[in-house]
Amino acid sequence: MKRKGLRFYLHIYRKILAQDIKSKMSYRADFIISTIGMIFTNISGFVGFWILFRNFPSINGWSYHEMLFLYGFSLVSITPVQCLFDNNWSLRQQVYSGDFIKYCFRPINLFFYYQSEVFDIKGLGQLAFGIGTIAYSWSRIGLAFTPLMLLKLIVFLITASLIMIALQNAAAATCFWIQNSFYVLDLAFRFKDYAKYPVTIFSTVFRFIFTFIVPIAFIAYYPSLVILRPDEIPLLSWLSPFIGIAFFFVSYKIWMRGATRYSGTGS
Amino acid sequence: MKAKRYLALTRAGVIEALQFRASFIVMVIGNLLYLIVVYFLWKAIYASAGSDVVSGMTFSDTLVYLVLATALFNFMEMYAVWQMGRDIQSGKIVLDLLKPMEYRRYLFWSFTGTFIMQFLFTFLPTFIVVAAVTHGAIPLGINILYFMISVVLAVSINYSIDFFVGTICLYTESIWGINIMKQVIVLLLSGATIPIAFFPEPLKSIVYYLPFQSIYNAPLSLLLDGSPSAEKVLTTLGMQLFWCVAMLIISKAFWKASLRQITVNGG
């Protein structure tokens, strides 16, 4: 079989996406309420920060606006997993009920086809909020704005987003081996809440865990340093794009291994 | 005879909870992780503060407060909104409405089994560990009795709020959005994420008059005060009792009025 190119996949993705959006739009009230709910979540996170910094001027050498930058960065970098990989949440039921087998018979990449089927629009509210937070804190800190900085920001944001995607893929794929993987997925998803703090607040053991084992420090902390502290960028920050790609690749392999192992339920 | 009906539901809940042991372990791990993050975060916050007491709270006060708030949350949160939403969407609610028991009561009692399990396996161990580790951060005296009364009232208020929000699902058919909004508002304004003592002034006074602080802040403030004045006990419990009755009436009335609106697709 001929290997399909990127152009082919983009074409297919557009088509599948259009179908999904159409079906979502028939539940307009749900879409609006979910978006408001998402914005609520972000506002409450913001209010939490604000209350905290009314009492404490800085945390571990990080000022209010620097922490806000970190928060905004983490919001944007977890948006792709929310928008593009939301179908991972239903993988468990699909595998359990046997519906998953339908994906196995298509002449395109299994992982791609499965993930492309759902696009979660409500993540876009979070994206807007995150970008707003980054822009606000950027101007308050007084960082210079150059095309190079913007390019750096975008590259680091995209590669940082791969970390959360990788965590979720791997967690979702556990359902190929164990029955009730919801809790594994839920646990992995909760890690994102811890990404918005500088990893330096933790003790050495946890710093190691959050850097190399469950790499949430790469969701916001390490890549943000490139923008926020340009004078003292640690090596790990420069490595973070490669770590993102590596973790994504590993999670993809785990997911595919589980999927090819799947033999259906016989129904 | 009447109590027997309810206890049958409790028993079923306990048995059901015992079925999901693996999920239980993952939940405990998730909790531990959360507590670790909270510990390091507040340690860093207090280390940068420069003084030991901020807004009348020391580091250990804050930590004990937050740990117990989390334990209370795990014990009290029954995800009633999810349950109601799912029942409404799937149409199962029709069958529940036909049962010879009021739906509100039926739902509550079917959660009591999980309640007991959560209390024994999450709240009690956390409480004992905190009491042992901190050597007297939790005074053991008459305040325990006040705390228990307060928790019973809190459970009732929490359930009424859940039931009220769940009723909204009858109109919107959106579960996720409604639920996330409720959760975010309750967690922030009840003091479960940041102790209310830290809230800046106008906000603090407003929050005291809302029902949410009666869920977590009220029982905890009674528990952590070794010799509370009679005035404090009376106003706290009185406020809780007021919200308990008020929310009961409001949520019941709302449910009754909404039932006439119900449309169920299949079942």
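Read-outs: derived from the displayed coordinates by stated rules, not from any lab. Note that the coordinates shown come from a computational prediction; the quantities given were computed from them, not determined experimentally. Backbone-built Cβ (ideal geometry, glycine too); neighbour counts: all protein chains shown.
So which helices of chain B fit the span-like rule, where a helix is a whole DSSP H run, its Cα atoms reach 30 Å or more along the axis, and its mean Kyte-Doolittle is at least -1.0?
Working: long enough: B:21-49 (42 Å, 1.59); B:142-172 (46 Å, 1.65); B:230-259 (43 Å, 1.05).
Helices passing the filter in chain B: B:21-49, B:142-172, B:230-259.
Round to the nearest 10 and give me the degree value, 0 to 90, for the angle of helix A:64-77's Cα axis relative to the longest principal axis of chain A.
10 degrees
Taking 8 Å as the Cα distance limit and 6 or more residues as the minimum spacing, I'd like the relative contact order of chain B as a percentage.
Numbers: 260 pairs, mean separation 74.8, N = 267.
Relative CO of chain B lands at 28 percent.
Could you work out the longest stretch of chain A that avoids the trypsin sites (Lys or Arg not before Pro) located in DSSP loops with at most 10 other Cβ atoms within 10 Å?
Details: sites that count: A:LYS2, A:ARG3.
By the stated rule (loop sites, at most 10 other Cβ atoms within 10 Å), A:4-267.
Restricting the calculation to Cα positions, tell me the Rg (one decimal) and the Dmax (whole number) of the protein assembly as shown in Å.
Final numbers for Rg and Dmax: 24.4, 81 Å.
How much net charge surrounds A:LEU75 when only other residues with a Cβ under 14 Å from its Cβ are counted (Lys, Arg +1; Asp, Glu -1)? Walk me through the intermediate numbers first.
Numbers: positive: A:LYS122, A:LYS192, A:LYS196; negative: A:ASP193.
Local net charge: +2.
Output the 0 to 90 degree angle, nearest 10, between the alpha-carbon long axis of helix A:88-97 and the longest principal axis computed from the alpha carbons of chain A.
30 degrees
Rg to Rh ratio, the stretch A:6-261, alpha-carbon atoms and Kirkwood radius? Mind showing how you got there, number by number?
Values: Rg = 19.0 Å, Rh = 19.4 Å.
The Rg/Rh ratio comes out at 0.98.
Once you keep just the Cα pairs under 8 angstrom separated by 6 or more residues, what percentage relative contact order results for chain A?
Working: 302 pairs, mean separation 68.3, N = 267.
Contact order relative to length: 26 percent.
Could you check how many percent of all C-alpha pairs in the stretch B:26-158 are farther apart than 25 Å?
Values: 3736 of 8778 pairs.
Tail of P(r) above 25 Å: 43 percent of Cα pairs.
Within a 10 angstrom radius of each residue's Cβ in B:195-208, how many Cβ atoms of other chains show up on average? Whole number is fine.
Numbers: counts 2, 1, 1, 5, 4, 4, 1, 0, 4, 1, 0, 0, 0, 0.
For peptide B:195-208, the averaged partner shielding equals 2.
Of all the stretches in chain A, which is the longest one without any exposed loop site, taking chymotrypsin sites (Phe, Trp or Tyr not before Pro) in a DSSP loop (any state but H, G, I, E, B) with at most 15 other Cβ atoms within 10 Å?
On the way: sites that count: A:TYR27, A:PHE145, A:TRP177.
Longest site-free region, per DSSP loop and neighbour criteria: A:28-144.
Suppose we take every Cα in the stretch B:2-259 and form the convex hull; what volume per residue is that in Å³?
Working: hull volume 38.1 nm³, N = 258.
About 148 Å³ per residue, rounded to a whole number.
Using R₀ = 35 Å, calculate the FRET efficiency as 1/(1 + (r/R₀)^6) where r is the Cβ-Cβ separation of A:GLU232 and B:SER51; round to 0.05. Spell out each step's value before the answer.
Numbers: r = 29 Å, r/R0 = 0.82.
Efficiency computed from Cβ-Cβ geometry: 0.75.
Check the straight Cα-Cα distances from A:LYS196 and name the lysines below 25 Å, setting aside those fewer than 8 residues away within the same chain.
A:LYS122, A:LYS152, B:LYS43, B:LYS182
What are the semi-axes of the equivalent ellipsoid of the stretch A:41-102, taken as the square roots of 5 times the eigenvalues of the Cα gyration tensor, listed largest first and rounded to whole Å?
Equivalent-ellipsoid dimensions as semi-axes: 39, 11, 9 Å.
Could you work out how far the C-alpha centroid of the stretch B:22-65 sits from that of the stretch B:107-133, in angstrom?
20 Å
Just how far, in whole angstrom, is the stretch B:146-191 from the stretch A:114-161 if you go by their alpha carbon centroids?
33 Å
Got the relative contact order for the stretch A:57-183 handy, in percent, Cα pairs under 8 Å and 6 or more residues apart? Please list the in-between numbers first.
Values: 116 pairs, mean separation 54.8, N = 127.
Relative CO of the stretch A:57-183 lands at 43 percent.
Quick one: in the stretch A:169-267, what % of C-alpha pairs are over 16 Å apart?
On the way: 3107 of 4851 pairs.
That fraction is 64 percent.
Per DSSP helix of 4 or more residues, -39500 (n - 2.57); summed, then divided by the residues of the protein assembly as shown. What does that give at 222 nm, rounded to the nearest 500?
Calculated at 222 nm, the ellipticity per residue is -23500 deg cm²/dmol.
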